[in-house]
Amino acid sequence: MAEKNKPAAETTEKVMTKYDKKVQRRKEEERKEQQRRKRNRIIGAVAAAALVIFIAYFPISKYIATHSTYINVGGYDVTEVEFDYYYNISASNYIASWGSMISYMGLDTTKDYADQMYSQYMTWDDFFQQNAVESLKRTKGLVKEGTEKGFVYDAAAETDMIMEALKDAAAAAGMTSKDYLKSSFGKYATAKNLRPIIEESYYATAYYNEIVRNKKDADEEITAYYEEHKDTYDSVDYMLAQVEADIPEGESTTDEEGNVTTADPTEEQIAEAMEAAKAEADKMVKTVGADGELQENIKYTGAGSLYREWLFDAGRKAGDTTVVEDQYNHRYYVLRFEKRYLDPASTVNIRAISTDEDMGETILAEWNNTGANEEAFIALVEKYSNDTTTNRNGGLYEDLDATRLSDEIGSWMLEEDRASGDVTTINSTDGIHYVFYYIGQGEPVWRASVISQLASKYQDEMAERVEVTDSKGRLSYLKALAAEEAASQAAQDEADANDEGGEDGESSDEENGSGNE
């Protein structure tokens with residue numbers, strides 16, 4: 001994120017401490033370093049221009065980018081092509097996820113990322129480098145362990161689909177496939193050298209899914225994780241009533257032109273109104289069970305911030321009541337605790353066909369004519385679906401939390417009379433046309449969430465063990481992190497030194513005082 005605004009300059013002159021002088025010197029060194037980098041970029045640009053003619057006849061830079069080691073991740077040599085692929089995906093996904101807000105975060109996507117600061121020490125180029133390396137670590141960690149454990153997965157078919165999808169995307173953008181790949185994934189990207197990278201990423205995804213499947217059987221681990229994070233997964237029911245303070249308006253005055261101005265109520269008026277509201281809330285404690293509004297199936301994050309800790313206290317029992325002050329909004333909350341429990345709601349397992357054209361009724365008619373069963377639906381997935389994530393496995397989605405889907409889709413899946421084998425077609429608002437086949441209920445929502453967290457934690461730990469070797473100094477973000485760490489350590493050392501000095505001073509005063517006595 002962009003560096004926060006600095007406070008306005010003080011009107012009095014500040015005494016320069018030893019630490020202030022260090023900071024001033026560091027800033028001056030950083031300014032000189034920035035000038036040096038800028039000069040080097042200019043020199044580099046001139047040098048690159050001078051080499052254009054030579055490279056055109058002897059494309060050694062392309063050979064180096066596609067064959068030599070750019071960095072090493074977990075014992076795997078990563079070429080510049082592969083690094084650029086992950087870098088560009090990292091940048092594109094991040095920018096797309098923030099949308100129009102990205103400019104408010106200090107990033108101009110039309111300018112060089114290396115010339116824009118993400119933080120005090122890191123440029124946006126550094127930030128996207130770091131994200132790319134983290135993605136590489138996760139992928140290579142999965143590939144390494146999967147290979148060592150003999151996991152086999154053929155991702156050729158999925159890769160074929162992706163390559164075809166990229167051709168379609170190029171055509172839709174009015175570009176040649178060659179130009180589209182370069183603009184999307186880096187200047188050396190071609191269909192040939194991207195293919196093994198994409199294929200490997202599908203292998204890694206398949207092995208991750210294998211980890212998830214294995215975690216489903218880890219009952220003891222699931223139980224232990226739930227017990228440690230009960231507040232995240234449990235729900236509570238409680239009665240709630242609000243008592244608003246009746247705060248009077250301040251005095252009104254009229255100027256010579258007839259304009260009426262009403263003053264804010266005084267602190268005394270607010271205090272009196274809050275005192276009266278508190279008295280009413282205290283009385284309501286006895287009747288909140290009958291007069292309050294029932295709040296059902298409320299998670300920790302969904303409960304009011306002023307009283308969620310009270311609701312989720314481990315010792316809370318049915319019938320407990322409390323009154324909570326909301327000073328900011330000038331009101332009181334009256335609560336009566338009812339119960340705490342694990343929501344038994346289940347996820348759903350479905351198969352899906354997604355298309356860009358409105359073919360739902362046509363597909364359903366063909367399904368009816370070819371057996372009207374799950375096997376017939378799987379065949380139609382392979383024939384029609386353009387979802388490269390699931391068309392390899394019959395459009396299967398397991399353990400979906402339907403409450404997180406769009407209203408129309410989620411409502412259909414969660415209808416009480418929904419039965420295995422039900423089908424429907426739904427056109428989403430984003431232009432995708434779906435045909436769904438309902439298989440049945442999956443894991444309970446809470447358990448599916450725990451399994452996902454355990455698998456993700458396992459992958460994180462695996463990625464932490466993956467070492468990155470940058471023998472040629474390609475990764476500038478490592479230098480930025482080192483500079484940030486050094487500055488933080490220097491500030492901590494300075495603070496520790498000041499603390500020690502203060503403690504010494506206090507000891508001396510005490511000793512002097514005791515001596516005078």
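The values are calculated or read from the model by the stated rules, or taken from the named source; none is laboratory data. If you're wondering where the values come from, they're calculated on a predicted model, not measured in any experiment. Neighbour counts are summed over all protein chains in view; Cβ atoms, including those assigned to glycine, are modelled from backbone coordinates with ideal geometry. To get the accessible areas, we keep the full protein, side chains included, count just its heavy atoms, and leave off ligands, DNA and RNA. Shrake-Rupley method; radii C 1.70, N 1.55, O 1.52, S 1.80 Å.
A few points about this structure:
- Among the listed pairs LYS178/LYS472; LYS230/LYS457; LYS111/LYS187, those whose Cα-Cα separation exceeds 24 Å are LYS178/LYS472.
- Taking amide hydrogens as placed 1.01 Å from N in the peptide plane, the amide H of LEU396 sits under 5 Å from those of ALA352, each at least 5 positions away in sequence or on another chain.
- Converting phi to 3J(HN,Hα) with the Karplus coefficients 6.51, -1.76 and 1.60 and the offset θ = phi - 60°, segment 310-325 yields 5, 4, 9, 4, 4, x, 5, 9, 4, x, 4, 10, 7, 10, 10, 7 Hz in sequence order, with x at every glycine or proline.
- When the solvent-accessible area of segment 114-180 is split by element, carbon and sulfur atoms take up 52 percent of it, the probe being 1.4 Å.
- Backbone geometry of segment 359-364 corresponds, through the Karplus equation with coefficients 6.51, -1.76 and 1.60 at θ = phi - 60°, to 3J(HN,Hα) couplings of 10, x, 5, 5, 5, 5 Hz, x marking Gly and Pro.
- A simple charge model with +1 on the Cβ of Lys and Arg, -1 on the Cβ of Asp and Glu and nothing else charged puts the dipole of segment 74-149 at about 360 debye relative to its Cα centre.
- The stretch between ALA169 and ASN259 holds 26.1 nm of extra length on full extension. This uses 0.36 nm per residue minus the Cα-Cα distance.
- On full extension, the segment bounded by LEU478 and TYR153 gains 113.6 nm, given 0.36 nm per residue less the C-alpha separation.
- Rolling a 1.4 angstrom probe over the protein heavy atoms with all chains in place gives segment 187-264 an accessible area of 60 Å² per residue.
- Around VAL445: net Lys/Arg minus Asp/Glu count, Cβ-Cβ under 10 Å: -2
- Couplings 3J(HN,Hα) for segment 283-297, derived from phi with the Karplus relation 6.51 cos²θ - 1.76 cosθ + 1.60 (θ = phi - 60°), are 5, 5, 3, 6, 10, 4, x, 9, 9, x, 9, 6, 10, 10, 6 Hz, where x marks Gly and Pro.
- Peptides 102-111, 441-450 ordered by average Cβ neighbours within 10 Å, highest first: 441-450, 102-111
- Label-to-label distance for ILE270 and ASP217 is 6.2 nm, based on points extended 7 Å past Cα in the beta-carbon direction.
- For GLY302, net neighbour charge (Lys/Arg +1, Asp/Glu -1) across residues whose Cβ lies under 13 Å away: -3
- Rolling a 1.4 Å probe across the protein heavy atoms gives segment 71-122 an accessible surface of 51 Å² per residue.
- Once the 1.4 Å probe is applied to the protein heavy atoms, segment 124-175 comes out at 45 Å² accessible per residue.
- Distance between the modelled labels on GLU408 and ILE426, one decimal in nanometres: 0.9 nm (7 Å Cα→Cβ projection).
- Backbone amide hydrogens, once placed in the peptide plane, bring ASP320 within less than 5 Å of PHE337, excluding anything fewer than 5 places away on its chain.
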